[in-house]
Amino acid sequence: MTIDSQSLEAGHICLSIVAVIILYAVLLIVFVTYSLFFLLYSHVPGPRLCKLSRHWVTFFDLRRQRPEKVAEWLVKYRLIIHVALVEVSIADSFAMRDIYSSSRRHEKSHYFDHFMTHNERSISADIEDRMRGWVVAVLDRIERQLACTESIDIFPLFSHFTWENFTSLLWNNARFNLPPVYKLGKLIGMVFTRFRNTQRISGAASDLNIPLNHSLLRRLHELEYVDGKTLSSDYITCGVLDNLHAAQATVTVSLTYVLYYLSRNAEWQDRSMEEIDGLPKEVDGFPSFATINAAPILEACIRKAYRLNLGSSGRAERAISFGKKYAGVFLPENIIVSASTIAFHYNATVFPSPSMFDPNRWLETSPEQLRTQGMMFIPFGYAARFCLGKAFATLEIKPPVAALYLRYSTHVDESTGMTTKESMRQAGTQDVLLKRFKMRHSFRKAYLDDRESTS
Ligand code: HEM
């Protein structure tokens, strides 16, 4: 090959490369222009990168910062913003009430397919006495731990408590019926196969040692439609697993934060203690659930904790079935919408100094302000697909908190350096667990001792 033909060939290669680069540049310009200005939803405000690629929000997903980031964008841009190609997030209460209302019937988005099991999507008694037994068991455990140490790591304790509660509700006794589930918890994704699930669940359902009215699972198996058909085993299994996911982390996280805020706010801890102490007691020494549930100070403190830290991720996505204008922004059919719980709960107009723990907001407030706050307060979702487990969650949260403060006062153990702002930061987009589970509370018997010495 001569030098001329070699340089000619090199020239061709260069030209081809330049042509490819130009082609890509043109395609990129067309793509960017089309995405930013001509798509059906390009008028929705929001970060430009979110309009170009769904990976920008995924980047925050991977860093476990999605809920905070979306709330931040909502403050920066508007009440309705673009977060990914066909996804928007909202912080407008009228839009939220309309989109989530029962009459609209907007379907949950494909995001919820993540929680499918056995190829099914889930929809998702007298239990007070049993709950009191579990509360006593937790107190006993605290008592035993306090015999050896001054401080207790409360998060794993609550995590076991909520797991036990919910598996008990389903199977009556998880330890007895499902010991392998305990052991294989960490490997669940890999080894929990259809066959094993079905086998265990039908085994638990047919266990005649469990009274019918103590097993939701058996009730589900025995349920019949008017035409005599029963629910499929896959459908029941999926519902069971979905509820386990929904029931455990949410309550554990909520319990942990309720105690955290009460431990950090001595005044509110004292007021709650005084209130609980003044409630009439049953024979076991604890107030009834009805009286605990009606105690306004405890309720206000718990609400405050729910507002400041989410129990659930807030990815309550809906695929809207028809286009409509909300807060001046038209949202076309099929776009995915979710309300940002953080943006609602930290709305500074409705909750001035939103990061402050101030239960008075729910106690010494005008009816009008209470109504406005209520409209922005959505820890358990809203309307059509409102949390099915709220009543059970309340039963799991209020009695143990009341029982604890009847016996102990608490404070955050600063000495170990384990509880820091960072360790208490919630991270995640499917769950909202603390980043590190290292919160410690010190349970001191001071209050009990005081009472004993004065009695
Ligand atoms: C403090 C604890 C809890 C919080 C903060 C919480 C929060 C939520 C939220 C925000 C939703 C709505 C999701 C959406 O709109 O897409 C929801 C739905 C749901 N929750 Fe909870 N939850 C809690 C405890 C529980 C418990 C203990 C159970 C089970 C016993 C449970 C079962 C469910 C189910 C089955 C749904 C789906 C309802 C549906 O799709 O129609 N949750 N929860």
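General remarks:
- Look at MET418, MET96 and count the other Cβ atoms within 10 Å of each Cβ; fewest to most, that gives MET418, MET96.
- The 3J(HN,Hα) values that the Karplus relation (6.51, -1.76, 1.60; θ = phi - 60°) gives for the range 152-165 are, in residue order, 10, 7, 7, 4, x, 5, 5, 5, 5, 4, 6, 5, 4, 4 Hz. Gly and Pro appear as x.
- Counting neighbouring beta carbons within 10 Å and listing from fewest to most, the residues GLU317, GLU422 come out as GLU422, GLU317.
- Under 5 Å between amide hydrogens, built in the peptide plane, is the criterion, and for TYR326 it picks out LEU331 among residues at least 5 positions away or on other chains.
- Subset of LYS69/LYS304; LYS325/LYS398; LYS51/LYS390; LYS281/LYS304 violating a 29 Å alpha-carbon distance limit: LYS325/LYS398; LYS51/LYS390
- Phi-based couplings in Hz for the range 24-32 (Karplus 6.51, -1.76, 1.60; Gly and Pro marked x): 4, 4, 5, 4, 4, 5, 4, 4, 5
- Computed from the Cβ-Cβ distance with R0 of 56 Å, the FRET efficiency linking LEU40 to THR198 stands at 0.80.
- Burial ordering of PHE351, PHE112, fewest other beta-carbon atoms within 10 Å first: PHE112, PHE351
- Amide H to amide H distances under 5 Å link HIS411 with SER442, ARG444, where only residues 5 or more positions off or on other chains count and H is placed in the peptide plane.
- Computing FRET efficiency as 1/(1 + (r/R0)^6) for ASN293 and GLU224, where r is the C-beta to C-beta distance and R0 is 30 Å, gives about 0.30.
- Put a dot 7 Å past the Cα of ALA348, heading toward its Cβ, do the same for ARG48, and the two dots end up 2.7 nm apart.
Just so you know, all these numbers are worked out from the coordinates, no wet-lab data involved. Computed from a predicted model, the values in this text were never measured in an experiment. FYI the Cβ positions are ideal-geometry reconstructions off the backbone, even for glycines, and counts take in every protein chain you see.
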